[in-house]
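Since the structure comes first, as structure tokens, the remarks are kept for the end.
The values are calculated or read from the model by the stated rules, or taken from the named source; none is laboratory data. What you see is a predicted model; the values in this text were computed from it and never measured. Ideal geometry is used to build each Cβ from the backbone, glycine not excepted, and the neighbour counts take in all protein chains shown. The area values use the complete protein model at the heavy-atom level, side chains included, leaving out ligands, DNA and RNA. Shrake-Rupley method; radii C 1.70, N 1.55, O 1.52, S 1.80 Å.
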Amino acid sequence: MRVAIIDDEKTARQHLRAMLEKHVPEAEIVGEASGVVSGLALLESESIAIAFMDVEMRDGLGFDLLANFESPDFQTIFITGHDRYAIQAFRYSATDYLIKPVFPADLKDAITKAKQRNSELTKSAIATLVENRVLNQEDKKIILSDNEAMHVVQIKDIIRCESDSNYTVFWFSKKEKLTISKTLKEYEKTLDDQPFFRVHKSHLINMTYVERFEKRDGGLIHLSDGSSVPLAVRKKEQFMEALANL
């Protein structure tokens, strides 16, 4: 497995190299680069399976580097500090990432996921990642993958998400729905910077679609698509506050 390391911090490159050599013996490090320009040259000159790439470098962003590849034939694992914006962008686009400092278990897990990704998902993930950088918050997109296809959807079109065991059912403004094999908890975390609220253990709703709230029987929330979801008693105060802040 041929890999490249692109990071403007020499100590970070050395740390990752040492970790790969110790914990991922099948990894062959074919080169290192210290920025966007040198990283692009490396990726264009070498055939690699995985590129480990820092998000922010002195001469630009890793996102900008990837924008040069219409259909990359390698997987990318981003490495970032505790940058909430960057992490949210990765979650939206289903892109693999590691948080500094990198730990062995996280490194091996990210590599396993990268090996399982197909080129079409990689292309969609990178395109969504790059596009979201220039979109307004309310126009951002998210990748949802089911058994049949990858769907790039606008977050504002999601009316609600409903838990179904280890799956999440997405309901959209066009009366469509998708069932995704991830838990509702994962999407609650992913969408926490959008106007979504976990009103019940089984329901995450887009607050912009709330039409009416009935206080009887513990609380019932009516949404603009005609659906209704229950409000957990313990969530009532937070829900009323979120509603007031719309």
TODO: Wrap a convex hull around the Cα atoms of segment 86-204, take a quarter of its surface area, and give that in square nanometres.
DONE: 8.0 nm²
Open item on the list: Restricting to Cα pairs below 8 Å that are 6+ residues apart, what does the relative contact order work out to for segment 45-127? Please round to a whole percent.
Closed with: 31 percent
Task: Dipole of the chain, positive end: most advanced residue of Leu20, Thr112, Ala232 [Cβ charges, Cα centre] - done: Ala232
Task: Net +/- balance of residues flanking Thr179 in space, Cβ distance below 11 Å, scoring K and R +1, D and E -1 - done: -2
- [ ] Return, ordered by residue number, the residues of segment 107-150 whose backbone nitrogen is under 19 Å from a label point located 7 Å along Cα→Cβ of Lys189.
- [x] 107-114, 142-145
TODO: Write down Rg/Rh for the chain, rounded to two decimals, with Rg from the C-alpha atoms and Rh from the Kirkwood relation over Cα pairs.
DONE: 1.04
TODO: Just subtract the alpha-carbon distance of Lys22 and Thr208 from 0.36 nm times their residue separation and send over the number in nm, one decimal.
DONE: 62.0 nm
Task: Calculated from backbone phi, Karplus (6.51, -1.76, 1.60) coupling profile of segment 230-241 in Hz, x at Gly/Pro - done: x, 10, 5, 3, 5, 9, 4, 4, 5, 5, 4, 5
- [ ] Give the calculated FRET efficiency between Gln14 and Asn136 to the nearest 0.05, with a Förster radius of 35 Å applied to their Cβ-Cβ distance.
- [x] 0.35
- [ ] Given the options Phe196, Phe103, Phe63, state which has the largest fluctuation in a GNM of the chain using a 10 Å cut-off (strictly under) for Cα springs.
- [x] Phe103
Open item on the list: Within 13 Å, Cβ to Cβ, of Leu40, how many net charges do the neighbouring residues add up to if Lys/Arg are +1 and Asp/Glu are -1?
Closed with: -4
- [ ] Could you work out how far the C-alpha centroid of segment 183-226 sits from that of segment 110-166, in angstrom?
- [x] 21 Å
- [ ] Between beta-carbons, use under 13 Å as the cut-off and find the net charge around Gln154, counting Lys and Arg +1, Asp and Glu -1.
- [x] -1
TODO: Skip the ligands, DNA and RNA, and give the accessible area per residue of the chain with a 1.4 Å probe, whole Å².
DONE: 52 Å²
Open item on the list: From the helices alone, meaning DSSP H stretches of at least four residues, give me the mean residue ellipticity at 222 nm for the chain, per-run term -39500 (n - 2.57), in deg cm²/dmol to the nearest 500.
Closed with: -10000 deg cm²/dmol
Open item on the list: Between helix 104-116 and the chain, what is the angle of the helix's C-alpha long axis to the longest principal axis, kept within 0 to 90° and rounded to the nearest 10?
Closed with: 80 degrees
- [ ] Note the full-extension length gain between Lys108 and His82 as 0.36 nm times their separation in residues minus their Cα-Cα distance, in nm to one decimal.
- [x] 7.4 nm
Task: Share of carbon and sulfur in the accessible heavy-atom surface of the chain [1.4 Å probe, %] - done: 47 percent
Open item on the list: How large is the translational diffusion coefficient of segment 1-84 in µm² per second when you combine the Kirkwood radius over alpha carbon pairs with Stokes-Einstein at 37 °C and 0.692 mPa s?
Closed with: 257 µm²/s
Task: GNM flexibility winner over the chain from Gln194, Gln116, Gln154 (Cα, springs under 10 Å) - done: Gln116
Open item on the list: Explain nothing, just the number: dipole magnitude of segment 77-138 about its Cα centre with +1 on each Lys and Arg Cβ and -1 on each Asp and Glu Cβ, in debye rounded to the nearest 20.
Closed with: 160 debye
Task: Gain in span if fully extended, Met150 to Val30, counting 0.36 nm per residue against the direct Cα distance - done: 40.0 nm
TODO: Pull up all non-local amide H partners of Met57: gap of 5 or more, or a different chain, and H-to-H distance under 5 Å with H placed in the peptide plane.
DONE: Gly62
